[in-house]
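**Student:** Below is one structure. I have some questions about it.
The values are calculated or read from the model by the stated rules, or taken from the named source; none is laboratory data. It should be emphasised that the depicted structure is a prediction, and the values quoted were computed from it without experimental measurement. Cβ sites come from the backbone with ideal geometry, for glycine too, and all protein chains shown count toward neighbours.
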Amino acid sequence: MKQSCDFVGTPQLNLEEWAALLRSSCGGDHKVIDRNAFAGWMRRISVYGVAAATFKVQCGPAAADPAGNAYRFERTRRDVRLADTDWYCASFQVTGRSAVTQSEHTVQLAAGDIGLLDGARPSTRLSESGSQWLSIYLPRQPLISHFGFEPQACLYGRGGTLAARVLCQLVLDGIGDDEFTAAPAGPHMRLAVYDLLGALFAPSDLGPVSRHADRLFARIRNVIKNRCADPDFGPAEVATETGISLRYVQKLLTARGCTCSELIYSIRLDRAARLLERRASLGTGQHLTEIAYACGFRDYAHFARRFRGRFGHGPGAHLEGSDAIGNRIVRSRAAEHSPSAHNV
């Protein structure tokens with residue numbers, strides 16, 4: 001892993017100063033074999049506008065225990081509760097080695113490796129003297145929404161993989177002077193970081209992914225149902241309303257065999273079919289163009305073409321009886337209960 005996390009101009013801290021600085025931000029207890037030989041450095045930075053920090057510990061040549069672990073940092077349940085953190089920490093091992101434990105699961109990080117920790121759970125880090133690492137603090141909900149699944153504690157990405165190498169270089173190139181610094185392209189680069197993290201940490205068991213994706217899909221459908229009468233409502237607005245990146249919205253729907261635009265038109269046509277059924281049963285005489293406008297279509301010709309493509313006949317077919325439309329609506333409503341259904 002390229003070493004560009006320098007500490008030029010960063011003051012050297014003794015153990016008491018180091019402990020006070022970390023305790024003020026995230027709590028935790030510290031232990032070293034030789035307190036007098038300890039020196040630490042910490043620099044707050046940003047990575048494409050996301051809060052981050054770099055760390056280095058030096059414990060002296062005779063300080064390491066037989067396992068090579070000279071420095072121990074532990075966050076207890078009390079520390080977590082007091083800090084009230086709501087993020088995941090992507091920990092990049094720059095030099096040296098560390099062993100990180102969370103939820104009774106331990107990963108061994110060598111230079112170039114990446115760990116993902118849940119900031120809302122206790123954790124322990126054992127590091128050898130001279131170790132340096134970089135931590136990025138990723139807000140929980142945006143990360144989960146982008147991934148489409150909730151990461152489990154203490155995930156590990158091996159540094160030799162292509163995704164890890166690209167991610168490490170991207171992160172090092174994006175380091176800013178403080179946590180409020182963001183380049184103009186920052187939002188796009190953050191999405192790239194999230195995508196690479198997702199590539200590293202996607203679980204092999206797709207069950208939890210599927211359940212979370214189903215919940216996101218239901219949220220997307222509800223938003224579209226509430227806003228589909230607006231002719232200007234499109235995929236970008238869906239992403240904004242749901243708080244999910246547009247790229248992940250499209251990815252989620254592609255897995256269900258459709259695009260966001262297709263789902264919007266499908267829901268608009270469902271509404272139109274229900275209004276036509278109501279018009280036929282109540283004899284309201286509502287103009288077909290009014291129904292088209294009420295369902296988010298800008299003109300009747302476009303509405304009629306879409307309606308015929310979906311149901312096999314034009315909107316005026318209800319004048320000959322609404323059974324065909326009614327049967328399709330029943331099938332559509334039944335399909336709504338299927339997680340993989342999109343043409344409803």
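**Student:** Kindly indicate whether Ala111 is in contact (Cβ under 8 Å) with a residue 60 or more places away in the chain, in a loop (DSSP other than H, G, I, E, B) and out of contact with any Pro (no Cβ under 8 Å at 6 or more places or on another chain).
**Tutor:** When the stated conditions are applied, Ala111 passes them.
**Student:** Given the options Leu253, Leu269, Leu288, Leu275, name the one that is among the aliphatic types (A, V, I, L, M) and under 29 Å from the mean Cα position of the chain (by Cα).
**Tutor:** Numbers: Leu269 fails: under 29 Å from the mean Cα position of the chain (by Cα); Leu288 fails: under 29 Å from the mean Cα position of the chain (by Cα); Leu275 fails: under 29 Å from the mean Cα position of the chain (by Cα).
Of Leu253, Leu269, Leu288, Leu275, the one residue that is among the aliphatic types (A, V, I, L, M) and under 29 Å from the mean Cα position of the chain (by Cα) is Leu253.
**Student:** Sticking with this one: Take Leu126 and decide whether it is farther than 23 Å from Ala213 by Cβ and crowded, with 17+ Cβ neighbours inside 10 Å. Full working, then the answer.
**Tutor:** On the way: farther than 23 Å from Ala213 by Cβ: yes; crowded, with 17+ Cβ neighbours inside 10 Å: yes.
Yes: the conditions hold for Leu126.
**Student:** Those residues that are in a loop (DSSP other than H, G, I, E, B) and over 20 Å from Leu143 (Cα atoms), I need them from segment 225-275; list them, please.
**Tutor:** Cys228, Ala229, Asp230, Pro231, Asp232, Phe233, Gly234, Arg256, Gly257, Cys258, Thr259
**Student:** Moving on. With Asn343, Asn327 as the choices, which residue is within 20 Å of Arg256 (Cβ to Cβ), assigned by TED's automatic domain parsing to the domain that holds Asp230 and at pLDDT below 85?
**Tutor:** Values: Asn327 fails: within 20 Å of Arg256 (Cβ to Cβ).
Going through Asn343, Asn327 in turn, the sole match is Asn343.
**Student:** Just to verify a result, which residue in segment 88-114, among those that are closer than 17 Å to Ala164 by Cα and β-branched (Val, Ile, Thr), is surrounded by the fewest Cβ atoms within 10 Å (Cβ to Cβ)?
**Tutor:** Checked segment 88-114; the qualifying residue surrounded by the fewest Cβ atoms within 10 Å (Cβ to Cβ) is Thr95.
**Student:** Pairs only if they're at least six apart or on different chains, beta carbon under 7 angstrom, first in segment 74-96 and closer than 19 Å to Leu21 by Cα and charged (D, E, K, R), second modelled with pLDDT of 90 or more and assigned to a strand (DSSP E or B); list them, first residue then second.
**Tutor:** Partner pairs satisfying both residue conditions: Glu74/Thr124; Arg75/Ser123.
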